[in-house]
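Report on the following structure.
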Amino acid sequence: PISISSASLAGTKAANYDLSLTGAPTTTATISQKTLTIGGSFTASDKVYSATTSASIATNSLTLVTKVGSDDVSLTSVVVAFATADAASGKTVSISSASLTGMKSANYSLSLTGAPTTTARITQKLVTIGGSFTASGKEYDGGSTASIATNSLTLTGVNGSDDVSLTSIVVAFA
């Protein structure tokens, strides 16, 4: 409930009256959470291509903007992600989720709108050739060119169902 906590009297005859708040009307209303935003900055670690947008924070100087006074509320569980999973330099990394903690955290909500971003790099993942192949024999011709007779070559290290294949295979006699 909301009650009258103080009031004054005014007017030319106000001095003749003593105001009592006993029995004064009350009402109800709600106090809504104050929305906080994230300020400051962070850096993200570079990573090797993994077919996911997951990222990790390298340095964290993130802050909460517009909290009331010195309320005990802090930013926690900050999760960041690359905009896309593909390998490249200068890729945008954004905050994808975060939580509030502290004695007064229930008085607040968190908005990621306008939150800081950074950039990092996703490097290409190294894949290797596995499997086997056989080569056709040939008559001596002074060259080292060879041709594949049977091909059971595979790529090792490809992530999940990524569409990557081995093409333009050149073989040669050593």
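At-a-glance table
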| quantity | calculated |
| --- | --- |
| Peptides 87-93, 163-169 ordered by average Cβ neighbours within 10 Å, highest first | 87-93, 163-169 |
| Derived scalar couplings ³J(HN,Hα) [the range 120-126; Karplus, 6.51 cos²θ - 1.76 cosθ + 1.60; whole Hz; x for Gly, Pro] | 8, 10, 10, 8, 5, 8, 6 |
| Size of charge dipole - the chain - debye, nearest 20, with Cβ of Lys, Arg +1 and Asp, Glu -1, no other charges | 520 |
| Cα pair distances in the range 68-136, grouped into 10 Å bins until the bin that holds the longest one, percent each | 16, 29, 21, 15, 9, 6, 3, 1, 0 |
| Amide H partners (placed H, <5 Å) of Phe42, local residues excluded | Ser61 |
| Carbon and sulfur %, accessible surface of the chain computed with the full protein complex present, 1.4 Å | 51 |
| Under-17-angstrom lysine pairs by C-alpha in the range 1-118, whenever the two are 8 or more apart or on separate chains | 4 |
| Signed unit charges on C-beta, dipole axis of the chain, positive-most listed residue Ile31, Val79, Ser111 | Ile31 |
| Highest-fluctuation residue, Ala15, Ala98, Ala83 considered, GNM on the chain with Cα pairs under 10 Å | Ala15 |
| Dipole-positive endmost among Thr53, Ser41, Leu9 within the range 1-84 (Cβ charges, Cα centre) | Leu9 |
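The values are calculated or read from the model by the stated rules, or taken from the named source; none is laboratory data. These numbers were taken from a predicted model, which means no experiment stands behind them. Ideal geometry is used to build each Cβ from the backbone, glycine not excepted, and the neighbour counts take in all protein chains shown. Keep in mind that these areas ignore ligands, DNA and RNA; they rest on the heavy atoms of the full protein, side chains included. Shrake-Rupley method; radii C 1.70, N 1.55, O 1.52, S 1.80 Å.
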